[in-house]
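Report on the following structure.
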Amino acid sequence: MRKVGFIGLGNMGRGMCKNLILKGNQLTVFDINQDAMQSFKGKAALVHSPLEVLKNSEVVFLSLPNSAVVEKIMNEFLNEGVQGKIIVDTSTSYPMSTRSLHAKIKAAGGISSMADAEKFLSLGADRLGTSRIIKLVKNETATGY
């Protein structure tokens, strides 16, 4: 069972999070809206901050409303350390912000799906060195994980 974190349990994030749980992943979740978190009570670990999600997860999914929110959380993550963590951003964000964060995550030793999402999906994760993300979603055993 993989330790997966999810931040942002709104209209988009809620469904993605439910699917990750259905695939047998152990989830830690956070949202600023406590009602959104309560819908996962008993199905996931509910925490009080994004940093708690990072600390308790191998893979962290973000589903946030805009670049400003993503940047704030990612700066907290980078200050804490992302070495060996996989960050999957599904947020609605500005491309320049996304590319910048992607580079910072990689430089800090993390693995990011934040840049070139279209290539990530169409070329396959192996070419971008992130096959573990696809295997996580499919619930396959990831080699080297």
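The numbers here are math on the coordinates, done by the rules we state, and not lab data. Note that the structure is predicted; figures quoted are calculated from it, not measured. Note that we place each Cβ from the backbone using ideal geometry, even for glycine, and neighbour counts take in every protein chain shown.
Multiplying each eigenvalue of the alpha-carbon gyration tensor of the stretch 1-49 by 5 and taking the square root yields semi-axes of 16, 11, 9 Å, largest first, rounded to whole angstroms. Using a simple spin-label model with pseudo-atoms 7 Å out from Cα toward Cβ, Glu52 and Leu78 lie 2.6 nm apart. Classification of the stretch 3-115 by its C-alpha gyration tensor yields a prolate form. The axis ratio a/c (a ≥ b ≥ c) is 1.5 or more, and a/b outweighs b/c.
According to the square roots a ≥ b ≥ c of the eigenvalues of the Cα gyration tensor, what is the shape class of the stretch 42-90, taking rounded for a/c under 1.5, prolate for a/b larger than b/c otherwise, and oblate for the remainder?
Numbers: a/c = 1.56, a/b = 1.18, b/c = 1.32.
Oblate shape, in that a/c is at least 1.5 and b/c is the bigger or equal ratio.
Summing Cβ point charges (Lys, Arg +1; Asp, Glu -1) relative to the Cα centre of the stretch 3-115 gives a dipole of roughly 280 debye.
Tell me the relative contact order for the stretch 3-115 as a rounded percent, counting alpha carbon contacts under 8 Å between residues six or more apart. Show your work: numbers first, answer last.
Working: 205 pairs, mean separation 27.7, N = 113.
Reported as a whole number, the value is 24 percent.
Cut-off is 10 Å between beta-carbons; in what order do Ser93, Ser57, Ser100 appear when sorted fewest neighbours first?
Values: Ser93 21, Ser57 25, Ser100 16.
Ascending number of Cβ neighbours within 10 Å: Ser100, Ser93, Ser57.
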